[in-house]
Each structure stands twice: as structure tokens, then as C-alpha cells.
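Here's the structure we're looking at; comments come further down.
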Amino acid sequence: MALRFEELIQRHHDEIFAYLWRLMGKDGRRQGAADVEDIVQDVFLRAYESFSGLRPNSNHRAWLYKIATNCAYSQLRRIKNRRHKLSSLERSATEQQTATEVSSLHKQMEQTVRNLVNELPAKQKACVTLRYLQDLDYPEIAQILSCSQESARANVYQAIQRLRIALEKET
Amino acid sequence: MTARKVINDRTVVKQLRSGLSGPNAAALAHSRARVRKWFADEAPLIQWGEMTSPLGSVFAAVNRRGLCALDFGRQESEFLARFDPLTRLEKNPTAMRRVLAQLREYFAGDRSTFNLPVDISQLTPFQRSVLDVACRIAPGQVWTYHRVAQELGRPRSSRPVGQALARNPVPIVIPCHRVIASDGGLGGYSGGSGLKAKRWLLRLEGAL
């Protein structure tokens, strides 16, 4: 029996939400969840619109991750553009304020890691999130990001090296 | 000169997992409920039910227009597999009460025609016209495929008539079993166990 869309929501909503949560650089708090919810809603809306064109033997999970990655990239681009429009003065004030709030609420190291991951190039960030936080294997990651397995491995490797060097500097 | 701490890749992954922990349960539940609500509002609803009969389990389903599917002598999964995966399926005996009650009366020999709204909008105009003609055949009577074709003004279309009857989504309620071959044979039947079921239905109606 072909997979029904309702089952797709039931099976994959939680992991797609967690993936987007991490990709959007959210911390463990409820705050900021609305942004991720909006993206998740958009992912399932897009999936619903193109579900009929999907072959029955397709990897539905990888297909959903792919849509989620594209939605997240679009949102991250919008956020980046918005930030560029801020004057450097405003930006520095905002960042300082955010850093103060966060440090008072969370462990400094966890915030540091999040900041470092957020600074990674988009593809490296997606690759390392899929591999080590969503526990996907390389064939699936390659399918999701429309690249070769070698490229996925290389991106994960480069991301880990960048994070390692950055963490060594921090500690 | 300060000594820099050397970190291995495994430690990086460990810190990564700790720093990018997943969302909390409340955030997940809130989003899950929102997506489910959106799906409930967006997806066409199909309610279905089942009953037992002398021909085995009978499954029937209604959409907002009326009875849209009926089958018997098959597994539940086979019946449900026919619906568009984008629809929302709901097993709802209450919504099916009227349909199942009339079917029970039919199988008990207390009813020969049905008073139910039926949705065959997914069929082609020709298929619909063939089923319309089938609905005019009185209980206890049989027509040939050729006669149905003649009624449609297409006397050479006996074979397409047979193919259209085979597409009947609501057998029994639209009595396609009342159409037989010109040589007196039963012809074909796609419902339940095929010709065995067709023969049983015609006997119930006194046509055989």
C-alpha cells in the first residue's frame, strides 16, 4: 500500500522539526519556536503540493529533508539580507545585547558551539547537522543535498575541522 | 606564550551534540498539532466503515458528495489502498450508519434499491452514462451488454460498456451485476469474488 500523506506527517514531523530547529540555530528554549514552526508548516505544504508526482518507491524521508533544507536556506538568506540592512552600530548593539541575555541563561560553551555552527557555510552546516545530529548516513545526505557522497563526506570533514580549530581557540 | 588546548574530532562531535540539542517536547507537540490541524482543514475527508455479509466483509466509504466506494470479499488494506494518498481517511461507523443499514437490509432480502447519494464524479462521462443506464435495470431483471449499449445509442459499444461497468466504484448500489452476456453467460464481474458473487446477487434478487 502506497504511503499516505497523513502517515508521512506522523512518521517524519518530529525529526524534520528537530532538523530545522538545529539548522536555524535555535537553542533548547520554547522561544523562537514560532519561526521553526512556520518553516515546518511550509515544508509540509510544499510536500503536499508535490506528493502526487513522487514515485511510490521513492525515499520519502530524504525527499522531505530536501524540501526542509531548501526552505531553511531560503529563510537563512532572508535573515542574512535583513541583517545586512542594519547599520553596523545597530548590529553590534543587538549582538551585544543578545550575547548578554544568552550568557545569563545558558552555558557559555553551548552558545559558543551554536555560534560557531551558525557561522559555517550553509552546505557544511547542513552536512554536519544531518550526519551527527540527525544521524543520517552518507547516501541519504548526498540524496538530500543533491551532491555526491564524497562531497557530503568532504563537507562534514571540513565542518569538523573548522569547528575544532575554532573551539581550540576558544578554550 | 600560552599553550593551546588540542581537541580531537570526537570531542568536537560531542560538543556539537551538546550545543545543538534538539527542541523541547512542548515545541514539538505545538508544531505537530499545527501541522495536523492544517492537514485536517486541507485534505478531503473520506469516512469509511465495514460490515459482515454473506459475501464476506463489506467496506464502504463516503466523501462530502456521497457514497464513493464500496467493495466486498477483500482485505481492509486492499480497500483503503484505492484512495488518493492525499485524502484523510477516517473510520467512522456513525457517518456510515445509513449506508450500512441499507446494505444490511439488501443482504437480508428486505431491500432491492438504494436511497443514497452517490459520487461517481471521478469517472469519465461515458462511464457515468453506462452506470446511469445500469441504475434503470429493475431488481430481478437482467440486461445484456448489447442492450445497455443500445440504450446509449451506441449499439456497437458492448465491450466499452463492459469496461465501464468494471469501473463501477459502488457495486450493488449501482447494480452492474444485472448486466450479462448476450449468450446467456454471466459475462464478467469485478466485485468481491467475481462471477461467484455476481451469481449470488442475481439469485438473491430472483433473476436466476
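The values are calculated or read from the model by the stated rules, or taken from the named source; none is laboratory data. For clarity, every value in this text was computed on a predicted model and none was experimentally measured. Quick reminder, even Gly has a Cβ in these numbers, built from the backbone with ideal geometry, and neighbours come from all protein chains shown. Protein only, heavy atoms only, side chains kept; ligands, DNA and RNA dropped before computing areas. Shrake-Rupley method; radii C 1.70, N 1.55, O 1.52, S 1.80 Å.
Here segment B:89-145 is the region considered, the condition is being among the charged types (D, E, K, R) and within 16 Å of the chain's Cα centre (by Cα), and the residue that is least open to solvent (accessible area, probe 1.4 Å) is B:119. For the criterion of being at positive phi and either in contact (Cβ under 8 Å) with a residue 40 or more places away in the chain or over 23 Å from the mean Cα position of the chain (by Cα) (or both), residue B:191 fails. For segment B:24-37, does any single residue satisfy the condition of being out of contact with any Phe, Trp or Tyr (no Cβ under 6 Å at 6 or more places or on another chain), hydrophobic (A, V, I, L, M, F, W, C), more than 11 Å from chain A (Cβ to nearest Cβ) and open to solvent by less than 50 Å² (accessible area, probe 1.4 Å)? There is no residue in segment B:24-37 that is out of contact with any Phe, Trp or Tyr (no Cβ under 6 Å at 6 or more places or on another chain), hydrophobic (A, V, I, L, M, F, W, C), more than 11 Å from chain A (Cβ to nearest Cβ) and open to solvent by less than 50 Å² (accessible area, probe 1.4 Å).
May I ask you to list the residues in segment A:137-171 that are aliphatic (A, V, I, L, M), closer than 22 Å to residue A:20 by Cα and within 14 Å of another protein chain (Cβ to nearest Cβ)? If the condition is that a residue be aliphatic (A, V, I, L, M), closer than 22 Å to residue A:20 by Cα and within 14 Å of another protein chain (Cβ to nearest Cβ), then A:156, A:159, A:160, A:163 are the ones that fit.
Total residues in segment B:50-86 satisfying the condition of being among the β-branched types (Val, Ile, Thr) and buried (at least 17 other Cβ atoms within 10 Å of the Cβ): the figure is 2. Filtering A:140, A:168 for residues that are in a helix (DSSP H, G or I), out of contact with any Asp or Glu (no Cβ under 9 Å at 6 or more places or on another chain) and under 22 Å from residue B:6 (Cα atoms) leaves a single hit, A:168. Entry remark, segment A:34-81: residues being open to solvent by less than 30 Å² (accessible area, probe 1.4 Å) and of a type in the set (A, V, I, L, M) number 10 in total.
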